[in-house]
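The values are calculated or read from the model by the stated rules, or taken from the named source; none is laboratory data. All values derive from a computational prediction rather than experimental measurement. Cβ placement follows ideal geometry from the backbone for every residue including glycine, while neighbour counts extend to all protein chains displayed. Accessible surface is based on the protein model in full, side chains and every heavy atom, while ligands, DNA and RNA are left aside. Shrake-Rupley method; radii C 1.70, N 1.55, O 1.52, S 1.80 Å.
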Amino acid sequence: MAQVSLVKCISNYRVSSVLNRDVTSLGKQNLFDPNPETCWNSEQGTPQHILVEFAPCVRIHSVCVQFQGGFAGKDTRLVDVDRKEEICALFPDDNNKVQVLELPKNEQGVARRRIKLQFATSTDFYGRIVVYSLDFKGSVADDVELPAKTTNDSCASDAVITIV
């Protein structure tokens, strides 16, 4: 199955903080824009996070992220917010290159609605994170029936598919 960008499936997203509350220049909108000169810059302190909601549900194969060298996330975890469980640990390098961080094979087929990238620490002494671009590669979970609006608005299927 071909892996495609899932950015168009993002219905909402939030970040833990923005440097000096300058949301116009350094805000979350810069995470997914096509401009290579804009970025999200967190405030100092740890932990930091990026929460992403998808509609419809998606199956994430990999996370593509570009940090500013010296301001990369360390001890990075990908969390399924609806299931309240860690999907996997991610190990980005401290550089300026776009990095493709692949999920474990057993997690790639799971339909998900809300995920969180958690940065427990940063390569920056003050704990700041700077992300120039963020993308998720995978597929839309077309075969997942969404339940009626409930308090737990998660994907109805926990089935894992085999990617050949």
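Worth pointing out:
- Tally of residues being over 23 Å from Lys97 (Cβ atoms) and over 12 Å from the mean Cα position of the chain (by Cα) across segment 1-45: 18
- Enumeration of residues in segment 31-66 that are in contact with a Cys (Cβ under 9 Å, 6 or more places away or on another chain) and in contact (Cβ under 8 Å) with a residue 60 or more places away in the chain: Leu31, Phe54, Pro56, Cys57, Val58, Gln66
- Conditions (1) open to solvent by 70 Å² or more (accessible area, probe 1.4 Å); (2) of a type in the set (A, V, I, L, M, F, W, C); (3) over 21 Å from Ile10 (Cβ atoms): number failed by Ala120: (1)
- Residue match in segment 4-19 (condition: in contact (Cβ under 8 Å) with a residue 12 or more places away in the chain, under 20 Å from Phe125 (Cα atoms) and open to solvent by 70 Å² or more (accessible area, probe 1.4 Å)): no
- Whichever residue in segment 72-91 is surrounded by fewer than 19 Cβ atoms within 10 Å (Cβ to Cβ) and assigned to a loop (DSSP other than H, G, I, E, B) and, among such residues, is nearest to the chain's Cα centre (by Cα): Val81
- Segment 1-20: number of residues that are of a type in the set (A, V, I, L, M), in a helix (DSSP H, G or I) and touching a helix residue (DSSP H, G or I) at 6+ places or on another chain (Cβ under 8 Å): 1
- Annotation: of all residues in segment 28-56 being within 25 Å of Gly138 (Cα to Cα) and assigned to a loop (DSSP other than H, G, I, E, B), the one that is most open to solvent (accessible area, probe 1.4 Å) is Pro34.
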